[in-house]
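Participant: Can you keep this structure in mind? I'll have questions shortly.
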Amino acid sequence: MATRQLKLGAFMRPVSIHTGAWRYPGATRDANFNLPALKRYAQALEQAKFDAFFMADHLAVLNMPIDALKRSHTVTSFEPFTLLSALSQVTEHIGLVATASTTFDEPFHVARRFASLDHLSEGRAGWNVVTTSNPDAALNFGREEHVDHARRYARAREFFDVVTGLWDSWADDAFVRDAEQGIYFDPARLHTLAHKGEHFSVRGPLNIARPVQGWPVIVQAGASEPGRQLAAETAEAVFTSVPDLAAGQAFYADVKGRMDRIGRDREHLKILPGALVVVGETIEQAKDIRNRLDSLVHDASAIASLSVVLGHDASKFDLDGPLPDIPESNASKTGRQRAVDLARGENLTVRQLARRLGGYGGLAFVGTPTSIADEMQAWLEGDGSDGFNVMFPWLPGGLDAFVQGVVPELQRRGIFRREYEGKTLRDNLGLPRPENRFFPR
């Protein structure tokens, strides 16, 4: 068997990232809110030995014109913790990763929810740490203006410290439950955090036992400069977006190099780029599927999607002219720059760029099980990634094609597991259990 093994997550909120997915023939139109369907997907992914089922989240309806919004299947979805708690009871091994924002939530809430999910799932929870870039989210949390980029990351760093400190409130052996003596827990094995910082004042302790994994697995998304540094310091998995292998290798070398410089073991962080995977019996058939998907994206949705990425109203641009200079905004800097680079690199008009991004403009593997396995293996062996956060073109067919075609080919090559390595998400990702900072062994 090959030494290095791919790690595979499944991006499942929305169930397909592609805007045209819900319109594809045979697609489950209401999949985002269809619990029986989501249970089936989770169980199929577990049978295929995926590492994790990942629920992204949004704290506002996407800020786009109603004519575009009415065409989007991302408009609503289950709240991640509610869904993953339900899925924890119908699965046994697959990790359950949810997004929770450090911009519009409180550390105590996040620590408590993830600790609960980790206990419910017997050690399979993961926290996708994000700063929220959607300015409309601020309006849902009593703020007239969005928090600026630098402050969001400073808050996120302190937020992480508070949450992990709360998870360490109780020693693993704190609950003695001595019925004869009438002592439920040992007070000497309880720590009160008493945190006072620039952004938070949190007394603690957390009112739930330490998570099964010590801490749920720490996941981050994004590729900005502060995001990369935060990942190198704190993350155990990174869901990133890169356009090709060369960019993946540069990102991989940068983040892992930062880990080297601060003394972290680079194997203790898994870099998993998002990849739309379109599987066909032939490469031509796979391309036909992708073309049909893209054809189902309405122009109104395409322009609106581009506006969200750029942080500016793209409908005011000359749609058949080149992309004008785009000033910075409070939108995601990484997403904005990627769109600008794509337009400049391929000399795309605004309309062409919008249609590309309106469906899905990121990394895509379009081909047969063999050709897709070739590409994934090249990324793994070329230090472009440790695996992928897989996006399916439509559900259930796109998922079924991947697990029935690509997974067996990866297993045949010895670069993907046939059985789970352990019980917890940390076991399967090859990550150590964090030591309790207040009660070291």
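Participant: Gain in length, Glu267 to Phe185, computed as 0.36 nm per residue apart minus the alpha-carbon separation, to one decimal in nm?
Facilitator: Gain on extension, Glu267 to Phe185, equals 25.9 nm.
Participant: In degrees between 0 and 90, to the nearest 10, how far off the longest principal axis of the chain does helix 350-359 point, with axes built from Cα atoms?
Facilitator: Helix 350-359 and the main axis of the chain meet at about 50 degrees.
Participant: Compute the FRET efficiency between Asp313 and Ala150 as 1/(1 + (r/R0)^6), taking r as their Cβ-Cβ distance and R0 = 35 Å, and round to the nearest 0.05.
Facilitator: That gives a FRET efficiency of 0.90.
Participant: Pulled fully out, how much extra length does the chain show between Glu281 and Leu69, if you take 0.36 nm times their separation in residues and subtract their Cα-Cα distance?
Facilitator: Computed gain between Glu281 and Leu69 is 72.9 nm.
Participant: Calculate the length of the line joining the C-alpha centroid of segment 194-235 to that of segment 291-322, in whole Å.
Facilitator: For segment 194-235 versus segment 291-322, the Cα centre distance is 36 Å.
Participant: Can you pull a Stokes-Einstein diffusion coefficient for segment 160-280 at 10 °C (1.306 mPa s), Rh from Kirkwood over Cα pairs, as a whole number of µm²/s?
Facilitator: Approximately 92 µm²/s, per Stokes-Einstein.
Participant: Among the aspartates and glutamates, which have Cα under 13 Å from the Cα of Lys256 when same-chain residues fewer than 8 positions away are ignored?
Facilitator: Leaving aside aspartates and glutamates fewer than 8 places away in the same chain, those within reach of Lys256 are Glu233, Glu236, Asp265, Glu267, Asp383, Asp386.
Participant: Given a Förster distance of 41 angstrom, what is the FRET efficiency for Arg4 paired with Gln337, based on the Cβ-Cβ distance and rounded to 0.05?
Facilitator: 0.85
Participant: Sticking with this one: On average, how much area does the Cα convex hull of segment 223-285 cover when viewed from any direction, in nm²?
Facilitator: One quarter of the hull surface, i.e. the mean projection, equals 5.0 nm².
Participant: Sticking with this structure for a sec: Please express the Cα-Cα pair-distance distribution P(r) of segment 295-377 as a list of whole percents, one per 5 Å bin, running from 0 to the bin with the greatest distance.
Facilitator: That works out to 3, 15, 24, 22, 14, 9, 8, 4, 1, in percent per bin.
Participant: At 1.4 Å probe radius, can you tell me the per residue accessible area of the chain in Å²?
Facilitator: That works out to 42 Å² for each residue.
Participant: According to the square roots a ≥ b ≥ c of the eigenvalues of the Cα gyration tensor, what is the shape class of segment 20-149, taking rounded for a/c under 1.5, prolate for a/b larger than b/c otherwise, and oblate for the remainder?
Facilitator: Since a/c reaches 1.5 but b/c is at least a/b, the shape of segment 20-149 is classed as oblate.
Participant: How much of the accessible area of the chain, probe 1.4 Å, is carbon plus sulfur, in whole percent?
Facilitator: 51
Participant: Here is a follow-up. Among the listed pairs Lys70/Lys333; Lys7/Lys49; Lys7/Lys333, which are separated by more than 20 Å between their Cα atoms?
Facilitator: Lys70/Lys333; Lys7/Lys333
Participant: Can I ask one more? For segment 95-230, state the semi-axes of the equivalent ellipsoid (square roots of 5 times the eigenvalues of the alpha-carbon gyration tensor), sorted largest first and rounded to whole angstrom.
Facilitator: 31, 16, 13
Participant: While we're looking at this one, here's another question. Hey, could you pull the Cα Rg and Dmax for segment 240-338, both in Å?
Facilitator: 18.2, 50
Participant: If you average the alpha carbon positions of segment 66-132 and of segment 365-441, how far apart do those two centres end up, in angstrom?
Facilitator: Between the Cα centre of segment 66-132 and that of segment 365-441, the gap is 20 Å.
Participant: For the chain, what is the charge dipole size about the Cα centre, in debye to the nearest 20, if Lys and Arg each add +1 at the Cβ and Asp and Glu each add -1 at the Cβ?
Facilitator: So the magnitude is around 180 debye.
Participant: Taking the inverse of the average 1/r across all pairs of different Cα atoms in segment 289-436, what Kirkwood radius in Å do you get?
Facilitator: Result for segment 289-436 stands at 18.1 Å.
Participant: Helix-derived [θ] at 222 nm for the chain: sum -39500 (n - 2.57) over DSSP H runs of at least 4, divide by residue count, nearest 500?
Facilitator: Estimated from H runs of four or more residues: -11500 deg cm²/dmol.
Participant: When the chain is fully extended, how far beyond the present Cα-Cα distance does Ser329 get from Gln229, taking 0.36 nm per residue of separation?
Facilitator: Full extension of this stretch gives 33.9 nm more.
Participant: Give me P(r) over the chain, computed from all C-alpha to C-alpha distances, binned every 20 Å, as integer percentages.
Facilitator: Taking every Cα pair in the chain, the percentages come to 25, 59, 15, 1, 0.
Participant: What spacing in nm lies between the two simple spin-label points modelled at Asp172 and Glu346, each 7 Å away from Cα in the Cβ direction?
Facilitator: Label-label distance for Asp172 and Glu346, simple model: 5.0 nm.
Participant: Can you compute the modelled spin-label distance between Ser201 and Gln249, with each label point 7 Å from Cα toward Cβ, in nm?
Facilitator: A separation of 5.3 nm, rounded to one decimal place.
Participant: Sticking with this structure for a sec: Could I have the simple spin-label model distance between Arg412 and Ser116, label points 7 Å from Cα toward Cβ, reported in nm to one decimal?
Facilitator: According to this spin-label approximation, the distance is 4.6 nm.
The values are calculated or read from the model by the stated rules, or taken from the named source; none is laboratory data. Computed from a prediction, not measured in an experiment: that's the story for all the values here. All Cβ positions, even for glycine, are placed from backbone atoms using ideal geometry, and neighbour counts span all protein chains on display. In case anyone asks, the SASA skips ligands and DNA or RNA and just uses the protein heavy atoms, side chains included. Shrake-Rupley method; radii C 1.70, N 1.55, O 1.52, S 1.80 Å.
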